[in-house]
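Report on the structure given below.
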Amino acid sequence: MKSIIITGASSGIGRATAELFLREGWRVGLIARRAAMLEEMAALHDHAVALPADVTDAAAMASAFDAFGHIDVLFNNAGMFGPSATIDEIALEDWAQVLSVNVTGMFIAAQLAFARMRTQGGGRIINNGSLSAHVPRPGSVCYTTTKHAITGLTRTLSLDGRAHNIACGQIDIGNAESAIVAALKDSNPDMETMDVSNAAASVLHMAGMPVGANVQFLTVMATNMPYIGRG
């Protein structure tokens, strides 16, 4: 049975992805801060393992990975948007929080997965980037900066993983109907969105690639988003 750890698994893209992988017969490690939501999911599925942890807590994350054991794939998904404002209106502590979750948290998960996969003889890491890893929304300096950093993380892991049979790819998702997108849509009711299941299916495709093949970057988005040609 193939195995995957998913961070940010309690809601949104993470939860939809976890539920799809469970339906497809994978063993799924569920990481998020909200233990009750993870335990609710685990109670419904024989092969779901609740691993409550804050992605920014290196010790808690290490314990979660140790409890799960063998891991074929990491979906490095946990993240937050942060304040929507111009840079001069953002408190330093808000910037630090977004950086901690979106960059340090993803670094910790990737570090743990890479080390385990190196010992195992291989594996796959899928980082959740964003269209913001390429082009920003107005008032998104915290989120956009961190997502550009994730592209650097993906490229470096892809390069460093070659000697250890570790593949790394990035999925850039545009306007899947999650809590983050719902909050943005409150101020922009005409925003084009897509069902979150499309993002989950894309992660499953990337995770299911055979050894020796990798989806390096995949973009999946609502068809009519103003992404292509944005100026």
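The values are calculated or read from the model by the stated rules, or taken from the named source; none is laboratory data. Small disclaimer: the values here were computed from a predicted structure and weren't measured. Cβ placement follows ideal geometry from the backbone for every residue including glycine, while neighbour counts extend to all protein chains displayed.
Remarks
- Hey, GLN120 of a type outside the set (A, V, I, L, M), at negative phi, modelled with pLDDT of 95 or more and touching a His at 6+ places or on another chain (Cβ under 9 Å) or not: yes
- Test: residue in the stretch 59-67 that is surrounded by fewer than 21 Cβ atoms within 10 Å (Cβ to Cβ) and not aliphatic (A, V, I, L, M): yes
- Candidate set: the stretch 109-136, residues that are of a type outside the set (S, T, N, Q) and without any contact (Cβ under 8 Å) to a residue 24 or more places away in the chain; chosen: the one farthest from SER63 (Cα to Cα): PRO136
- There is at least one residue in the stretch 114-135 that is of a type in the set (Val, Ile, Thr), within 27 Å of LEU204 (Cα to Cα) and surrounded by fewer than 24 Cβ atoms within 10 Å (Cβ to Cβ).
- Note on the stretch 133-159: residues that are within 21 Å of THR86 (Cα to Cα) and touching a strand residue (DSSP E or B) at 6+ places or on another chain (Cβ under 6 Å) amount to 2.
- Residue match in the stretch 201-217 (condition: part of a strand (DSSP E or B), in contact (Cβ under 8 Å) with a residue 12 or more places away in the chain and not charged (D, E, K, R)): yes
- With respect to the conditions (1) of a type outside the set (Lys, Arg); (2) surrounded by 19 or more Cβ atoms within 10 Å (Cβ to Cβ); (3) on the phi > 0 side of the Ramachandran plot, GLY139 lacks only one, and its number is (2).
- Of residues in the stretch 216-231 being more than 30 Å from GLY122 (Cβ to Cβ) and among the polar types (S, T, N, Q), the one modelled with the highest pLDDT: THR223
Residue-wise test of (1) at pLDDT 95 or above; (2) of a type in the set (Phe, Trp, Tyr); (3) crowded, with 19+ Cβ neighbours inside 10 Å; (4) touching a Ser or Thr at 6+ places or on another chain (Cβ under 8 Å).
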| residue | (1), (2), (3), (4) |
| --- | --- |
| TYR143 | yes, yes, yes, yes |
| THR156 | yes, no, no, no |
| ALA163 | yes, no, no, no |
| ALA183 | no, no, no, no |
| ASN198 | yes, no, no, no |
| SER202 | yes, no, yes, no |
| ALA207 | yes, no, yes, no |
| VAL211 | no, no, no, no |
| ASN214 | yes, no, no, yes |
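- Only a single item in (1) surrounded by fewer than 20 Cβ atoms within 10 Å (Cβ to Cβ); (2) touching a Phe, Trp or Tyr at 6+ places or on another chain (Cβ under 8 Å) is not met by GLY82, and it is number (1).
- Filter result for GLY169 (within 19 Å of the chain's Cα centre (by Cα), surrounded by 13 or more Cβ atoms within 10 Å (Cβ to Cβ) and in a strand (DSSP E or B)): yes
- Meets criteria (of a type in the set (Phe, Trp, Tyr), over 18 Å from VAL203 (Cβ atoms) and not in a helix (DSSP H, G or I)) for PHE65: no
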